[in-house]
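Below is one structure, written out as structure tokens; comments come after it.
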Amino acid sequence: MKPAPFAYRRPESVDEALAALAEGGDEARVLAGGQSLVPMLAFRLARPALLVDVNRLPLDRIEALASGEVRIGAVVRQRAAERAGIAPLGEALRWVAHPPIRNRGTVVGSVCHADPAAELSALALALDGVLEVRSAAGAREVRVSDLLVGPLMTSLRPGELAVALRLRTRPGWRWRVREVSRRQGDFALAGVVAGLPPDGGVCRVAVFGAAGRPYLVDGPAEELPALAAAMAEPASDVHADAGYRRHLVEVLMRRALAS
Amino acid sequence: MIDVDVEVNGRRVRARVEPRLTLADFIRDRAHLTGTHLGCEHGVCGSCTVLLDGEAVRSCLLFAVQAEGSRVTTVEALAGDGALHPLQQAFHRHHALQCGYCTPGFLMALAELWERRNEVADEELIAAVDGQLCRCTGYAGILAAARDAFGTLEP
């Protein structure tokens, strides 16, 4: 399984990358960590004419902003984010694949890949994520809730590059991630990111692996498990049927909120 | 075609390659180091794990052009001076390999941790091997070897 031929650019600046992406149009793809894209190339599920490698762009910083948000640059590795001392990120990342994958995979890339079972997409949704997007035509911001359209589908347009993701970590909140997968590191059959407020009032949870995209539920802890399960639209496949996945959502939610 | 210049096990390897050539194929076919094995070629099995600038990576999920200017370490470097590396000796002692196909990947996933071996927690050893697929030896011997080499083995 070898990828089909493609042209390759390795820009050193964001402007250079945007120019290459504009030129490539909808035949161009951004190559960041490549831990999802390269397997798709190997299977020839994706056959872009041009890969724009953003790994050498100066977008590798995690910053705490005055707004209270955390800003994660486009090429911050999952491994670096895991060690940055940001509690909810560390909690979610330990479920993501394996160390050699996290050494290369990026946080922003995982969110933009939009796998419905990805922990990081659900986390970004729960933490009011906003994606900073640039293109040759200008800049815009996209809320993660508007970004994730469906399985592997986002509202990003050809020529656009996500340069950073901002997350609101809600001081004082406790975040729990729970999931069930067939093997450690596999994509989850279903999972939840649960946020518990310091006052024990309205909780916030994001559910993943149980619909075409992760979804949010806010409410008091005792109502959330049933509510979240009712909102699930799980798929049936060889790994688990829809009923089992819906059941997992309720059980995982109860466990996350009780812990 | 693009020129690449990569340091592999301390040796400079230069080649003119297609962008789609994976780092794994570069290591095997251009650097002629066949200790790095290809199992699945889509990042699942871990057999092709090497160190890139000291970090364990799947070499099938990187293109050779991306390693331009980087330092790659493969399983051949472990026993550089002829004597087996302590990790390899531990694998030998604990029968941590049967067919051996996955072994280079296991060794390199663990080799990432070797520099700070005195402070590696047992959970890190488990995390290092749980991303590597072995289909014949079983993980008990592999984990015992890792724990022995890193000194976290229960007496």
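Taking the number of Cβ atoms within 10 Å of each Cβ as an exposure proxy, the fewest-first ranking of B:L78, A:L45, A:L131 is A:L45, B:L78, A:L131.
Here the Debye sum runs over all C-alpha atoms of the range B:86-150 as equal scatterers in vacuum, and log10 of I(q)/I(0) at q = 0.12, 0.26 Å⁻¹ comes out as -0.23, -1.18. Counting Cβ atoms of other protein chains within 10 Å of each Cβ in A:46-58 and taking the mean gives 1. Show the residues, 5+ positions off or on another chain, whose built amide H is closer than 5 Å to the amide H of A:L31. Under 5 Å from the amide H of A:L31 lie the amide H atoms of A:V52, A:D53, A:V54, each far enough along the sequence or on another chain. For the range A:57-167, the relative contact order is 27 percent, taking Cα pairs closer than 8 Å that sit 6 or more residues apart in sequence and dividing their mean separation by the residue count.
Order of B:100-106, A:169-175 by packing, highest average Cβ count within 10 Å first? Mind dumping the intermediate values first?
Working: B:100-106: 22.4, A:169-175: 15.3.
Highest-to-lowest ranking by the protection proxy: B:100-106, A:169-175.
With a sphere of radius 15 Å drawn around the Cβ of B:L97, what net charge do the other residues whose Cβ falls strictly inside it have (Lys, Arg +1; Asp, Glu -1)? Charge balance in the 15 Å sphere: +1.
Close amide H pairs (under 5 Å, H built 1.01 Å from N) link B:Q98 with B:T137, residues at least 5 positions away or on another chain.
Take the Cα of A:M1, step 7 Å toward its Cβ, do the same at A:A49, and the gap between the two points is 2.6 nm. The rule of thumb for compact globular proteins, 2.2 N^0.38 Å, goes into the C-alpha radius of gyration of the range A:129-258 1.16 times.
The tail of the calculated P(r) for the protein assembly as shown, taken as Cα-Cα distances beyond 36 Å, holds 28 percent of the pairs. Between A:A64 and A:R143, the FRET efficiency estimated from the beta carbon spacing at R0 = 22 angstrom works out to 0.60.
Note on the range A:170-232 and the range B:10-82: Cα centroid distance 39 Å, given to the nearest whole angstrom.
Could you please report the charge total around B:G46, scoring K, R as +1 and D, E as -1 over all other residues with beta-carbon less than 15 angstrom from its beta-carbon? Neighbour charge sum, excluding B:G46 itself: 0.
On average over all directions, what projected area in square nanometres does the range B:13-97 have, based on the convex hull of its Cα atoms?
6.1
Label point of B:Q98 set 7 angstrom out along Cα-Cβ; within the range B:107-133, amide nitrogens under 16 Å from it belong to B:133. Taking chain A as a Gaussian network, Cα atoms linked when under 10 Å apart, which of A:A32, A:A20, A:A137 shows the biggest mean-square fluctuation? With Cα springs under 10 Å in chain A, the top fluctuation among A:A32, A:A20, A:A137 is at A:A137. Its Kirkwood hydrodynamic radius, worked out from the mean inverse distance over all distinct Cα pairs, puts the range A:1-83 at 14.0 Å. Per residue of chain B, the DSSP helices (runs of n ≥ 4 H) give a summed -39500 (n - 2.57) that works out to -8000 deg cm²/dmol at 222 nm.
Between the amide H of A:R174 and those of A:L196, distances stay under 5 Å, these residues lying 5 or more places away or on another chain, with hydrogens modeled in the peptide plane.
Counting neighbouring Cβ atoms within 10 Å and putting the fewest first, the residues A:F6, B:F63, A:F43, B:F91 line up as A:F43, A:F6, B:F91, B:F63.
For the Cα atoms of chain B, what angle does the longest principal axis make with the long axis of helix B:103-114, in degrees from 0 to 90, nearest 10? Around 80 degrees separate the two axes.
Only Cα pairs under 8 Å and 6+ residues apart enter the sum, and on that basis the relative contact order of chain A stands at 16 percent.
Peptide B:8-21 shows a mean partner chain C-beta count of 2 within 10 Å per residue C-beta. Partner shielding of A:5-11 amounts to 3, given as the average count of beta-carbon atoms from other chains within 10 Å of each residue beta-carbon. By the helix-only formula, in which each DSSP H run with n ≥ 4 contributes -39500 (n - 2.57) and the sum is divided by residues, chain A has a 222 nm mean residue ellipticity of -8000 deg cm²/dmol. Counting only Cα atoms, the range A:107-195 measures 43, 32, 17 Å along its principal axes, largest extent leading. Here the Kirkwood formula puts the hydrodynamic radius of chain B at 15.7 Å, using every distinct Cα pair.
Counting only whole DSSP H helices of chain A, the ones at least 20 Å long by C-alpha along their axis and with mean Kyte-Doolittle hydropathy no lower than -1.0 are A:242-258.
Counting every other Cβ atom within 10 Å of each residue's Cβ, B:T73, A:T106 order from fewest to most as B:T73, A:T106.
Where a number appears in this text, it was derived from the coordinates with a stated rule and is not lab data. What you see is a predicted model, and the numbers here were worked out from it, not measured in a lab. Reconstructed Cβ throughout: ideal geometry from the backbone, glycine too, with neighbour counts over all protein chains shown.
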